[in-house]
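In what follows, a structure is listed as structure tokens, so that the remarks can point back to it.
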Amino acid sequence: LLVTLDYPPPPGGIQTIVRSLERGLADLGHEPEVLHLDTTAFDWRPTDLLPRPRWLYGTRSVTARDFVYLNAVYRRTAAAIERFDPDVVHAMHVKDWPALVAANERGLPSALSTYALELGNEPLAARAIRDANVVHALTEFTASLVRSVADGDPAIEIIPPSIDVGEYRRAVDDVQADGETDSGRAGADPTPVVTMARFVDRKNIETVVEAWTRLDETVRDGRELVVAGDGPNRRSLESLAAGCDDVQFTGWVNGVAKRRLLAEADAFAMVPRRDGYDVEGFGIVYIEAQASATPVVGSKHGGAPEAIDDAGVVVDDENDSAEVAAAIESVLTDETTRRRCLSAAAERIDEFDIEPVARRHVAMYEQI
């Protein structure tokens, strides 16, 4: 039983992780059941409005009325356990802590997934970590955050996110086939250099845009910066790029369009910042780009270096647009750097495919 506050179709890292795990478990012959309760729109009952001491982990649980959601998670998980009779209950977020309590009360083993930002609610995170038999962390960085928050010494399994590697490879094949067909066509479209994320401060898209404007015209010639995504910073980003004919904002791209864009790209760049717990726990888009045979540029914060490994360039100062520009130029024009990135990506990307990652989850379940 996978209990989650995020699930497709909305885009996002947790959505991708849950859907891929659900699919991977099913492909291996297991029977996953997903219980999805959105924190902003969930079915509640009048009894859920009553604060219960069990869920009052601190003043925030009262002022933010978190206990209403926690009541609903517990109630719905208990009903799902009664109906579905799972072997394991896996809470996909610390806010799904009541699912762990429901599992414990019924003698079922439980797992908790952790990322980064949610661990900033330390009182809630500590209780969720305490009540899980095992904590799943995306990276060693996330595991270090878990240890810093936990009351004791929790059991931790580091398992990365997964993607359908085959789908990205097929997109590359399709792009190459189209290129061979159109090789003699005049006036070809510019080749994209891509950045893709929610437009929030942490993602630091503005530095990528500024870095693009610093690139020499000979590097930008025949290319365009494609800024994919959306969010509260969109207007300021568009203002920053005003007057740049080779910067394109596309909004969110998903599915086939996303894979096609990454396969067409000459490079992918995202250099997120860190503000305490507000940090990139992994960065699934880095491995999506690597599966698309596209070298990446990233920052040194959080789990991003573990996601990138040797298949890209990691900058020291993500706020230095000149350094970011130099990194982008290196993966675009330095053949030694580019070959290193692509070779490293090809060697490692299969470990992020859906089946091997699902097998690692099954091994974690079997241990508990």
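The values are calculated or read from the model by the stated rules, or taken from the named source; none is laboratory data. Keep in mind the model is a prediction, meaning the values are calculated, not measured. Methodologically, a virtual Cβ is constructed for each residue, glycine included, from the backbone with ideal geometry; neighbour enumeration extends over all protein chains shown. Heads up: the accessible areas ignore ligands, DNA and RNA and are worked out on the full protein's heavy atoms, side chains in. Shrake-Rupley method; radii C 1.70, N 1.55, O 1.52, S 1.80 Å.
See the values below:
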{"read-out": "Filter pass, Val324 being in contact with a Phe, Trp or Tyr (Cβ under 8 Å, 6 or more places away or on another chain) and either at pLDDT 95 or above or open to solvent by 40 Å² or more (accessible area, probe 1.4 Å) (or both)", "value": "no"}
{"read-out": "The stretch 235-259, residues that are surrounded by 14 or more Cβ atoms within 10 Å (Cβ to Cβ) and basic (Lys, Arg)", "value": "Lys258, Arg259"}
{"read-out": "Ala177 among the small types (Gly, Ala, Ser), in contact with a helix residue (DSSP H, G or I) (Cβ under 9 Å, 6 or more places away or on another chain) and part of a helix (DSSP H, G or I)", "value": "no"}
{"read-out": "Test: residue in the stretch 24-36 that is more than 17 Å from the chain's Cα centre (by Cα), surrounded by fewer than 19 Cβ atoms within 10 Å (Cβ to Cβ) and of a type in the set (Gly, Ala, Ser)", "value": "yes"}
{"read-out": "Qualifying residue in the stretch 169-176 (condition: in contact with a strand residue (DSSP E or B) (Cβ under 7 Å, 6 or more places away or on another chain), surrounded by fewer than 20 Cβ atoms within 10 Å (Cβ to Cβ) and either closer than 22 Å to Arg359 by Cα or of a type in the set (Val, Ile, Thr) (or both))", "value": "no"}
{"read-out": "Condition met for Arg45 (among the charged types (D, E, K, R), in contact with a helix residue (DSSP H, G or I) (Cβ under 7 Å, 6 or more places away or on another chain) and open to solvent by 70 Å² or more (accessible area, probe 1.4 Å))", "value": "no"}
{"read-out": "Pick from the stretch 311-321, criterion over 23 Å from Ala171 (Cα atoms) and outside any strand (DSSP E or B), ranking: nearest to the chain's Cα centre (by Cα)", "value": "Glu318"}
{"read-out": "Residue match in the stretch 341-348 (condition: crowded, with 16+ Cβ neighbours inside 10 Å, outside any helix (DSSP H, G or I) and either touching a residue at least 12 places away in the same chain (Cβ under 8 Å) or of a type in the set (A, V, I, L, M, F, W, C) (or both))", "value": "no"}
{"read-out": "Which numbered condition Ala211 fails, given (1) open to solvent by 20 Å² or more (accessible area, probe 1.4 Å); (2) touching a strand residue (DSSP E or B) at 6+ places or on another chain (Cβ under 8 Å); (3) modelled with pLDDT of 95 or more; (4) within 19 Å of Val296 (Cα to Cα)", "value": "(1)"}
{"read-out": "Criterion violated by Leu145 - all others in (1) closer than 21 Å to Ile284 by Cβ; (2) surrounded by fewer than 24 Cβ atoms within 10 Å (Cβ to Cβ); (3) among the hydrophobic types (A, V, I, L, M, F, W, C) satisfied", "value": "(2)"}
